[in-house]
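Heads up, the thing below is written out as C-alpha cells.
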Amino acid sequence: MALTKNKAILDWVNDQIALCQPDNVVWIDGSEEQIEDLRKESVESGEMFKLNQELLPGCYLHRTAVNDVARVEHRTFICTPTRKEAGPTNNWMEPSEMRAKLNALYDGCMKGRTMYVIPFSMGVVGSDFSKVGIELTDSIYVVLNMIIMTRVGKDVLDAHGDNPQFTKGLHAKADIDEENRYIVHFPQDNEINSVNSGYGGNVLLGKKCLALRIASYLGKNEGWMAEHMLILGIENPEGEVRYLAAAFPSACGKTNLAMLIPPKEYLDKGWKVWCVGDDIAWLRIGADGRLWAVNPENGFFGVAPGTNVKSNYNALMSTKANTIFTNVVHNLDNNTVWWEGLDKNPPTNAVNWKGEKWDHTDGSKGAHPNSRFTAPAIQCPVISPEFESPKGVPISAFVFGGRRAKTAPLVYESFDWEHGVFVGSIMASETTAAAAGQVGVVRRDPMAMLPFCGYNMGAYFNHWLDMGNRIPNRPKIFNVNWFRLDDEGHFIWPGFGDNMRVLHWIMKRAFDEVDAVETEIGYMPYPEDINLNGIEDEVSEEVLKDLLSVDKKMWMEDIESIREFYSKFDEFGTLPKEMSDQLNALEERLKN
Ligand code: GTP
Ligand code: SPV
Ligand code: MN
C-alpha cells in the first residue's frame, strides 16, 4: 500500500508501474521487520549469502554479474535540452530521443518481478538542506544497500508532506545487458534513469546520480555546492576542532583519509581525527560568512582491497556488523569474507568474486579490485559527533589531490581562491578500477568531478569562482599527492596515517600559523615545517626535498596537456577567462 498521499509522488510512481508492469509493488517503510523479510527473501533466492552471524552479525555477501563490476562512464548521460548545457566532458543525447530509447527498455521489464518503492532522504530527514528522492527498483540488493547508504522509510514521506519537489529515480536490472546499460540524468526534470546494471554507483541512485550529478546542477541554480569530497575534523590537544574537505578521484584515498589514525606522537599529545563523511560534501554559505559542509550520506560504500588493520583500522571496524560485501572472496571454512591486502592468509577453501572455486596459489585475484563494503556510518569508531548535525561543520581548507607518479608534489597551497579554482581545474590522476575501462592512465579530472558533474564543466568552474566572490570567509585551497613513485616504482611517501603530518601543515596555513615558500606553482612548506618525527628512517631529508620539488620541465609538459584539455571547451565557449589567464600566468612563472 502506498505510504503517502503526496499527489506528485503517487502520479509519478503510477506512471512507472504502468511502464514497467511489475507483478507486485512494495513500499519500503524502513521497519526492521520488513528489512528482515527482504534479507530472508534475498538469501532464499541466492541473491545474497548470509555470513557467519557470530563473527559478522548482520553481514551479507553479494556477487554481481561478471560484466557489471564498476561505474560505466561511457554509458552515463546528462540529457539537458542542449548539448552545450551538458558541456564537453559529459555524454549527451537529446532528451526525447533518450526517453524513447529508455522507454523501450523499461516497457514491461518488471513482469514477474516486484517493484520496490524506496523513499529516501539525502541528509538528515526533514532538515533544511536535505533532498528527498524516490527510487523504484526491482533489486532487493539495491533496497538493502540504500537502507544503509541513505535515510529510508515512511518518516521521510511524512516529513515531506505534499511537497511536489523530489528526485525521481527509476532503476531496473532488466537483463544486465552491457550493450543496453544506461545511467541517465535529466537535470531539468530532477530525474534519473538506470537500466541493465546491478552495481554500486550505477544503481544506488542517491549517491553519485543524485548527491553529485543532480545536486551539482541544483547547487549551481540555488547557490550552493555538491562536491566529491570527504569531510574530516582535526582536534588539537586543546580540544579545538578544525574541518577540511578533500576531493580525490575514485579509489584515490578519500575513505582512508577521512578516518585516518594519526601517528603515535600525535596520539600521545592528544590529537584526534573525526570523520564526517568519506565521499560527498554539500556546502553552503552560513550566516557567519563561513562555508558549512554536510555529508548527505548515511553509510560508506568503500573499496575493500587494501583495507586492513594497519591501513584503515576504522573502516575495517565499521564493517564488523550490518555490512553488505560485494564481489569479495567467500571463505567457506568459516563463512566469512576476505580480500587482497586484508592479511597475509588467503583462505584455502574459498570462492572468488566470480563465484568460482578459488586457489590463491595460481596467482589470480580472489576479490575484484573494485569490490566494496556497504557499512553504516555510525559504526565508524571515529564518526564525528557532528555527523548528524543539520547545519554541518565549518570548512577551513579545501584539498585537491590525485594519483600522480611524478609532477605533483606532496603538498602546495594556491595563491588565492581564483588560483585555487585553477589548481582544482587542472587536477589529473591515474584511472582506477572504480570505473570500467583502462586502469593507470593519467587523465584530467577537475575537482575529482569529471564523471560526476551534472552540467557543463566550464559553467561549473564559473560557479566555483562565483561562490568564491560570495563567501566572506573563504577556505584556503591546497593540493596533495600521496602517490609519488621512485624510479623503481615504490611509493616514496608512507601515506595513510602519516598523511596527518601534511594535514597538520595545511591547517596551520589555513589559520596563518606558519610561513611558506613562494614557488612557481604556489606556496610550499619549508621542509622543516613538515613534522617527520618517528619516520626519519623512511623519509630522509633528501626524500622530503624530492617530494617538495617542482620539476619545471615536467610542469611545462603538463601545461601542454592542460591546454589540450582546456581546448575541449572552445566549441562550447564556456571556459572562464580566469582559467586561461591563470594557465598563461603559470607558464610565465615557469619560464622565468
Ligand atoms: P571511492 O570510494 O571510489 O570514491 O574511493 P576513495 O577515494 O574513498 O579511495 P580509498 O580511500 O578507498 O582508497 C583507494 C585505494 O587507495 C586503496 O587501495 C588504498 O589502500 C589506497 N590508498 C589510500 N590512501 C593511500 C595513501 O595515503 N598512500 C597510498 N600509497 N595508497 C593509499
Ligand atoms: C566512486 O567510484 O567514486 C565511488 C563508488 O564512490 S560508486 O558508488 O560506484 O560510484
Ligand atoms: Mn567516490
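Descriptive notes on the structure:
- Strands (runs of 3 or more DSSP E) contained in segment 360-469 and holding at least 1 residues away from ligand 2 (no atom under 16 Å from the Cβ) and of a type in the set (F, W, Y): 393-401, 411-413
- Residues in segment 252-279 that are within 14 Å of ligand 1 (Cβ to nearest atom) and in a helix (DSSP H, G or I): K254, T255, N256, L257, A258.
- Options M93, M98; residue that is open to solvent by 20 Å² or more (accessible area, probe 1.4 Å), among the aliphatic types (A, V, I, L, M) and in contact with a Cys (Cβ under 8 Å, 6 or more places away or on another chain): M93
- Residue within segment 152-162 that is within 16 Å of L205 (Cβ to Cβ) and open to solvent by 10 Å² or more (accessible area, probe 1.4 Å) present: yes
- At least 1 residues being out of contact with any strand residue (DSSP E or B) (no Cβ under 8 Å at 6 or more places or on another chain) and not β-branched (V, I, T) is the threshold, and among the helices (runs of 4 or more DSSP H) wholly inside segment 86-169 those reaching it are 95-106, 154-160.
- Evaluating C453 against the criteria (1) surrounded by 17 or more Cβ atoms within 10 Å (Cβ to Cβ); (2) modelled with pLDDT under 95 leaves one unmet condition, (2).
- Residue within segment 177-184 that is closer than 29 Å to N256 by Cα and either in contact with a helix residue (DSSP H, G or I) (Cβ under 6 Å, 6 or more places away or on another chain) or open to solvent by less than 10 Å² (accessible area, probe 1.4 Å) (or both) present: yes
- Residue in segment 118-128 that is acidic (D, E) and at pLDDT below 95 present: yes
- Within segment 239-248, tally of residues that are open to solvent by 10 Å² or more (accessible area, probe 1.4 Å) and either in contact (Cβ under 8 Å) with a residue 24 or more places away in the chain or near ligand 1 (Cβ under 6 Å from one of its atoms) (or both): 3
- Hits in segment 36-93 - residues which are in contact with a Leu (Cβ under 7 Å, 6 or more places away or on another chain) and either β-branched (V, I, T) or within 16 Å of ligand 1 (Cβ to nearest atom) (or both): T89
- Residues in segment 300-339 that are over 20 Å from P494 (Cβ atoms) and among the charged types (D, E, K, R): K320, D333.
Here is a yes/no grid of residues against (1) touching a helix residue (DSSP H, G or I) at 6+ places or on another chain (Cβ under 6 Å); (2) touching a residue at least 24 places away in the same chain (Cβ under 8 Å):
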{"position": "D498", "(1), (2)": "no, yes"}
{"position": "L503", "(1), (2)": "no, yes"}
{"position": "V514", "(1), (2)": "yes, no"}
{"position": "Y523", "(1), (2)": "no, yes"}
{"position": "E560", "(1), (2)": "no, no"}
{"position": "F565", "(1), (2)": "no, yes"}
{"position": "L575", "(1), (2)": "yes, yes"}
{"position": "E587", "(1), (2)": "yes, yes"}
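- Some residue of segment 526-545 being under 30 Å from G219 (Cα atoms) and open to solvent by less than 10 Å² (accessible area, probe 1.4 Å): no
- Condition broken by F301, with the remaining ones in (1) assigned to a loop (DSSP other than H, G, I, E, B); (2) open to solvent by 10 Å² or more (accessible area, probe 1.4 Å) satisfied: (1)
- Criterion violated by M259 - all others in (1) within 17 Å of the chain's Cα centre (by Cα); (2) not assigned by TED's automatic domain parsing to the domain that holds W464 satisfied: (2)
- All positions within segment 219-256 that are of a type in the set (A, V, I, L, M) and under 15 Å from the mean Cα position of the chain (by Cα): M225, A226, M229, L230, I231, L232, A245, A246, A247, A251
- Boolean, G112 is in the same structural domain as I78 (by TED's automatic domain parsing), on the phi > 0 side of the Ramachandran plot and in contact (Cβ under 8 Å) with a residue 40 or more places away in the chain: yes
- Scanning segment 567-577 for residues that are surrounded by fewer than 18 Cβ atoms within 10 Å (Cβ to Cβ) and modelled with pLDDT of 95 or more turns up S567, K568, K577.
- Filtered residues of segment 23-71 (kept if open to solvent by less than 20 Å² (accessible area, probe 1.4 Å), touching a helix residue (DSSP H, G or I) at 6+ places or on another chain (Cβ under 9 Å) and part of a loop (DSSP other than H, G, I, E, B)): I28, M48, T64, D68, A70
- A single entry from G306, G277 fulfils the requirement of being within 16 Å of ligand 3 (Cβ to nearest atom) and open to solvent by less than 10 Å² (accessible area, probe 1.4 Å): G277.
- Unmet criterion (only one of (1) crowded, with 19+ Cβ neighbours inside 10 Å; (2) of a type in the set (A, V, I, L, M, F, W, C); (3) not assigned by TED's automatic domain parsing to the domain that holds E97) for I78: (3)
- Of the residues making up segment 32-49, none is hydroxyl-bearing (S, T, Y) and in the same structural domain as K154 (by TED's automatic domain parsing).
Here's the yes/no breakdown for (1) farther than 23 Å from N335 by Cβ; (2) β-branched (V, I, T); (3) in contact with a strand residue (DSSP E or B) (Cβ under 6 Å, 6 or more places away or on another chain):
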site: Q16; (1), (2), (3): yes, no, yes
site: N24; (1), (2), (3): yes, no, yes
site: W27; (1), (2), (3): yes, no, yes
site: E33; (1), (2), (3): yes, no, no
site: L38; (1), (2), (3): no, no, no
site: E44; (1), (2), (3): no, no, no
site: T64; (1), (2), (3): no, yes, no
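- Among the strands (runs of 3 or more DSSP E) confined to segment 186-251, the ones with at least 3 residues that are farther than 30 Å from E265 by Cβ are located at 191-195, 225-227.
- Of V393, V439, all but one fail to be in contact with an Asp or Glu (Cβ under 8 Å, 6 or more places away or on another chain), more than 21 Å from N90 (Cβ to Cβ), of a type in the set (A, V, I, L, M, F, W, C) and open to solvent by 20 Å² or more (accessible area, probe 1.4 Å); the exception is V439.
The values are calculated or read from the model by the stated rules, or taken from the named source; none is laboratory data. Model, not experiment: these values are computed from the prediction. Glycine also receives a Cβ, built like all others from the backbone with ideal geometry; neighbour counts cover every protein chain displayed. Heads up: the accessible areas ignore ligands, DNA and RNA and are worked out on the full protein's heavy atoms, side chains in. Shrake-Rupley method; radii C 1.70, N 1.55, O 1.52, S 1.80 Å.
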